[in-house]
1. Residues of region 192-240 being in contact (Cβ under 8 Å) with a residue 24 or more places away in the chain, of a type in the set (Asp, Glu), over 22 Å from Leu268 (Cα atoms) and outside any loop (DSSP other than H, G, I, E, B), which ones?
2. Can His185 be described as of a type outside the set (S, T, N, Q), in contact with a helix residue (DSSP H, G or I) (Cβ under 8 Å, 6 or more places away or on another chain) and exposed (fewer than 15 other Cβ atoms within 10 Å of the Cβ)?
3. What are the residue pairs meeting all of these: first residue in region 124-152, first residue free of Cβ contacts under 8 Å to residues at least 12 places away in the same chain, second residue surrounded by 13 or more Cβ atoms within 10 Å (Cβ to Cβ) and not in a helix (DSSP H, G or I), Cβ atoms under 8 Å, and 6 or more apart or on different chains?
4. Please find, among Ala371, Ala345, Ala397, the residue that is out of contact with any Lys or Arg (no Cβ under 6 Å at 6 or more places or on another chain), surrounded by 15 or more Cβ atoms within 10 Å (Cβ to Cβ) and either modelled with pLDDT under 80 or among the hydroxyl-bearing types (Ser, Thr, Tyr) (or both).
5. Please pick out the residue among Leu63, Leu108, Leu55 that is touching a strand residue (DSSP E or B) at 6+ places or on another chain (Cβ under 6 Å), without any contact (Cβ under 8 Å) to a residue 60 or more places away in the chain and either in a helix (DSSP H, G or I) or not β-branched (Val, Ile, Thr) (or both).
6. Please work out which one of (1) loosely packed, with under 15 Cβ neighbours inside 10 Å; (2) in contact with a helix residue (DSSP H, G or I) (Cβ under 7 Å, 6 or more places away or on another chain) is the condition Leu211 fails and give its number.
7. Looking at Leu175, Leu126, which is the one that is assigned by TED's automatic domain parsing to the domain that holds Leu78, of a type outside the set (Asp, Glu) and surrounded by 13 or more Cβ atoms within 10 Å (Cβ to Cβ)?
Amino acid sequence: METDKIGLKKRPRTDGTTAYYWVASSVSRNAGDYPLKTVRVHGTMDEITARCRVLTSELKQWLAQKGIGAQQHFDGTLRSLIRMYQTTKGSSYFTVKSNTREMYDYALKLLEQDCGMRRLDKLTGLDIRDWYDHFKEPAAEGKPERIRRAYQCMQILRIVVGFGVVANVTECFRLKTVLESMSFHVPRGRTEQVTYEQAHAICTVAIGNGLHSIALAQALQFELTLRQIDVIGRWERSEDMKAGGIVDRGQRWRDGLLWSHIDANGILTKPTSKVDGVTAEHDTNQYPFLRKIIDMVPMEKRFGPMIKSEVTGLPYRDRYFADTWRKCADEAGVPKTVWNRDSRAGGITEGSDAGADLEHLRHHANHQNSATTQRYNRKTLEKTRTVAQFRIAHRSAKNASET
């Protein structure tokens with residue numbers, strides 16, 4: 001059964017409801033030494049099965065790195081190549097970050113589910129084009145085409161076939177050439193953004209609902225144009241639970257903001273997670289709205305992660321954070337087309353509208369294409385302060401014109 005393959009088990013409660021669990025031993029009998037034995041999973045059935053697939057993928061990764069269990073072999077099908085890619089030691093699948101691997105798993109699941117039975121020696125470029133057209137079909141009548149989903153599947157197919165070349169799978173050499181001669185429509189970048197008014201409304205709702213963590217995260221992302229992962233952090237599987245840090249259910253938290261990243265003068269300094277050697281540097285005192293929310297936290301509570309769930313006392317899992325933020329955004333009247341991840345774009349756009357210099361904005365946003373400049377430039381704090389001053393002045397002028 002599909003539920004057995006992904007380790008999903010259910011248990012009836014006395015009140016008539018059902019509790020769902022992911023169980024490692026249900027996925028593999030070789031999971032005895034795996035640090036994560038059982039995990040309670042919540043949400044809709046789609047969310048529950050998605051979480052189980054991620055947990056199963058992490059277990060299989062652990063087994064592969066340990067050289068435990070049956071070795072996957074290529075049997076001529078795409079399915080077997082995908083599983084080799086996910087379980088072979090030395091595969092690039094194991095070198096990407098855990099949040100990136102989750103995105104890979106989504107596309108790999110689609111490819112395996114809909115195309116996995118196809119033999120690679122029979123595939124042509126026309127077949128692959130049909131797959132692309134299939135994956136971009138609307139989710140329902142009247143809905144838009146899912147171009148981003150289709151493009152993602154094709155990019156992952158390129159990666160898997162490239163792995164096959166490295167693994168000396170004969171059929172992959174031909175397919176790599178076929179894929180190199182093909183192009184697929186690149187989905188347009190998102191145009192949505194969080195405005196200052198929306199950010200302010202979300203924070204107001206969150207504070208009113210006793211969710212100061214959501215308000216603080218929103219303010220940090222919008223005001224300082226920080227990536228979501230650099231604010232709330234991420235959880236990834238860890239084998240050594242004694243190595244320190246924040247650990248929970250076999251996972252260690254990393255990359256998020258700590259109170260120690262802000263010094264006594266209100267200067268926030270934090271290495272970014274996306275680009276090595278790039279550090280975000282901001283004067284939080286330049287943003288009164290942000291400072292107001294920061295100052296709501298008593299001094300005696302300013303230790304460890306800045307963003308912790310009021311329910312668990314631990315840093316958020318990304319899905320739980322997204323769901324909690326969405327509820328606040330809905331209550332604040334923010335359209336569903338606007339996501340939390342659009343906060344960064346909103347802050348950058350506000351700075352541009354305010355007349356801030358493009359080079360200063362690039363420093364403020366820690367963009368990858370300015371990484372070299374930033375390594376050698378010692379005036380980042382001065383530039384981010386300048387952007388802050390432009391933005392605050394722009395807000396004041398905007399408010400004055402509306403009164």
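1. Residue satisfying the conditions is Glu236 alone.
2. yes
3. Asp127/Arg118; Glu137/Glu145; Glu137/Arg146; Pro138/Glu145; Pro138/Arg146; Ala139/Arg146; Glu145/Lys136; Arg146/Lys136
4. Ala371 is the lone residue from the list that is out of contact with any Lys or Arg (no Cβ under 6 Å at 6 or more places or on another chain), surrounded by 15 or more Cβ atoms within 10 Å (Cβ to Cβ) and either modelled with pLDDT under 80 or among the hydroxyl-bearing types (Ser, Thr, Tyr) (or both).
5. Leu55
6. (1)
7. The conditions single out Leu175.
To keep it simple, each residue is scored yes or no on (1) touching a Cys at 6+ places or on another chain (Cβ under 8 Å); (2) in the same structural domain as Glu58 (by TED's automatic domain parsing); (3) in a helix (DSSP H, G or I); (4) surrounded by 12 or more Cβ atoms within 10 Å (Cβ to Cβ).
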position: Tyr93; (1), (2), (3), (4): no, no, yes, yes
position: Asp121; (1), (2), (3), (4): no, no, yes, no
position: His134; (1), (2), (3), (4): no, no, yes, yes
position: Glu141; (1), (2), (3), (4): no, no, no, no
position: Val165; (1), (2), (3), (4): yes, no, yes, yes
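The values are calculated or read from the model by the stated rules, or taken from the named source; none is laboratory data. All values reported here derive from a predicted model rather than from experimental measurement. Backbone-built Cβ (ideal geometry, glycine too); neighbour counts: all protein chains shown.
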